[in-house]
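One structure below.
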Amino acid sequence: MLKRLNSIRYTYIRSHLYGVFLTAVTLLAILLSIFVLIEPTWLNASNILVFVLLYVFLSVIISFYVGFKSSTDIKDRMDYLSVFITQLSRGNFTSRGYFNEGDEIARIGNELNELAEKLQNQVKSLQRMADEKTDFAKTAHKAATIEERQRLARDLHDAVSQQLFALAMMSQATIRIFDKSPEQAKEQMEEISNTALKAQVEMRALLLHLRPVHLSGEPLDKGIYQLIDELKQKCQIEFRLMIDELLNLSEATEEHLFRIIQESLSNILRHANATVVTLELTKKKNEVFLHISDNGIGFALETDQAKKTSYGLKTMKERTEEIGGIFAVRSKQGEGTYINIRIPL
């Protein structure tokens, strides 16, 4: 209620009421001065009181009416300006406002139009740079392949190799105590099983990065379906897909989106312990929306910056910004992780 009273419409009404109050006080002072100094027969205290009260009553009614009528136009224009700003904040830089008046609101609207045009040009420049970067990346593919192999070798050494070493050590220890302490041997066998499962999950996540960086001429939707089909054969995760066909994206945008999806699924396999993954890739008007979510353990964005997933999230955010998109992630411990990406076309 208090917010409504602070709106521009009620501000107009209050200004009219303030004018009524000042006018009533001035009129009362004039009538009292005439009554005291001249003492005309037609003017007495009762007449003054009735006249002033009648004036105030009628003026208050007129003030409300005039305030509502005079503020309707400016309120509508402010609402229009607010909707325009909301469209720009959501990344819809093709929106434009149309103002025929020559006042301050029209000047603000025209400045917002100029800002939207500059932002749209910047997005186009980013996308053009992404296309140029793609051409450059093709020429540097061999060097990137070597670097990727080195990174995979480090990951295999740091994760899978150590887990396999631990499996070998625990297996040897279990063999030695199998006859002497069957219960302890059983506990170690369970630990061996868990370690082997972790190594298997780590290997599946690393194998995602062995896929080619480029889609090899295939459409983005077909590449995603092939990727998911491979994962379905290797892990017990339910995938819920909704992918639009004929997105008509540039080659650079398709490759960036494909790598973002790869990175996201790799993080889910490694860290989420999820059983259901939802992936939506849709096109609405002049924008492409990518939504990836899981029902895993989640994490605290504010306190878990040291997690391994933070590197993957940083990479996905950088790829999104390279093609002029907006990246948003939401996660909470025990409630899964949600990634939303919006890319203007």
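The values are calculated or read from the model by the stated rules, or taken from the named source; none is laboratory data. Just so you know, these numbers come straight off a predicted model, no measurement behind them. Every residue, glycine among them, receives a Cβ derived from its backbone with ideal geometry; neighbour counts consider all protein chains shown. These accessible areas exclude ligands, DNA and RNA; they are computed on the full protein's heavy atoms, side chains included. Shrake-Rupley method; radii C 1.70, N 1.55, O 1.52, S 1.80 Å.
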Taking 0.36 nm per residue of separation between residue 89 and residue 129 and subtracting their Cα-Cα distance, the length gained on full extension comes to 12.1 nm
Given 330-339, 170-179, the highest-first ranking by average Cβ count within 10 Å works out to 330-339, 170-179
At R0 = 51 Å the Cβ-Cβ FRET efficiency linking residue 330 and residue 52, nearest 0.05, sits at 0.25
Burial-style ranking of 283-289, 41-47, average other-beta-carbon count within 10 Å with highest first, yields 283-289, 41-47
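Taking a threshold of 20 Å on the Cα-Cα distance, which of the pairs 124/314; 285/317; 124/283 fall above it?
Numbers: 124/314 23 Å; 285/317 23 Å; 124/283 18 Å.
Cα-Cα > 20 Å for 124/314; 285/317; rest within.
Can you pull the percent of the range 45-103's accessible area that's carbon plus sulfur, 1.4 Å probe, other chains left in place? Each step should come with its number before you reach the end.
Details: 2660 of 3940 Å².
The nonpolar share, carbon plus sulfur, comes to 68 percent.
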With the range 1-137 reduced to its Cα atoms and the Debye formula applied, log10 I(q)/I(0) at q = 0.10 1/Å amounts to -0.60
Protection proxy (average C-beta count within 10 Å per residue), highest first, orders 89-95, 263-269, 320-326 as 263-269, 320-326, 89-95
Straight-line reach check, residue 222, cutoff 13 Å on alpha carbons, 8 or more apart in-chain or any other chain, hits among aspartates and glutamates -> 230, 244, 245, 254, 255
